[in-house]
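Contents: one structure, followed by commentary.
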Amino acid sequence: MRFVSGTWGATLLELIVALVVLGVITSVVGLAFTIVSGENGEIDVAAAIQDARNEALQTGNTVLATVTVDGIPHPVTALPDGRVLADSTLRIDALTGAVEQR
């Protein structure tokens, strides 16, 4: 076979390296993402949020969690500085992670 200059494409080695890099990124993201659920799909929201916040404070990493309330999943993000970001329907104090009474 003759090499033709100016051809476009990727070698098999480049494709394998790209797949390995994507696999590593996927595994890291998978470890950082936690789905919190109970036996019935409902859990104590305050405890789950507090656990996510404590883990973020201890590890220094952002912790993503999903809490289910009335069958609706809500994403919760606990930041390493102690703040908690969540859907406003959960009524969570962003600085302390405490759930306000309804």
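The values are calculated or read from the model by the stated rules, or taken from the named source; none is laboratory data. In this text, all values refer to a predicted model and were calculated from it rather than measured experimentally. We place every Cβ from the backbone using ideal geometry, glycine too, and count neighbours over all the protein chains shown.
Quick notes on this one:
- When Ala56, Ala18, Ala46 are screened for being modelled with pLDDT of 80 or more and crowded, with 16+ Cβ neighbours inside 10 Å, only Ala56 passes.
- Cross-chain or 6+ apart pairs with Cβ under 9 Å, the stretch 75-102 first and touching a residue at least 24 places away in the same chain (Cβ under 8 Å), then among the basic types (Lys, Arg) and exposed (fewer than 14 other Cβ atoms within 10 Å of the Cβ): Val99/Arg91
- Yes/no for Ala32 being modelled with pLDDT of 80 or more and within 18 Å of the chain's Cα centre (by Cα): no
- Condition broken by Val76, with the remaining ones in (1) in contact with a Gly (Cβ under 8 Å, 6 or more places away or on another chain); (2) of a type outside the set (Ser, Thr, Tyr); (3) under 22 Å from Val28 (Cβ atoms) satisfied: (1)
- Within the stretch 53-78, the set of residues being hydrophobic (A, V, I, L, M, F, W, C) and over 11 Å from the mean Cα position of the chain (by Cα) comprises Ala56, Leu57, Val67, Val69, Ile72.
- Flag if Thr68 is part of a strand (DSSP E or B), in contact with a His (Cβ under 8 Å, 6 or more places away or on another chain) and either touching a residue at least 40 places away in the same chain (Cβ under 8 Å) or over 18 Å from Val28 (Cα atoms) (or both): yes
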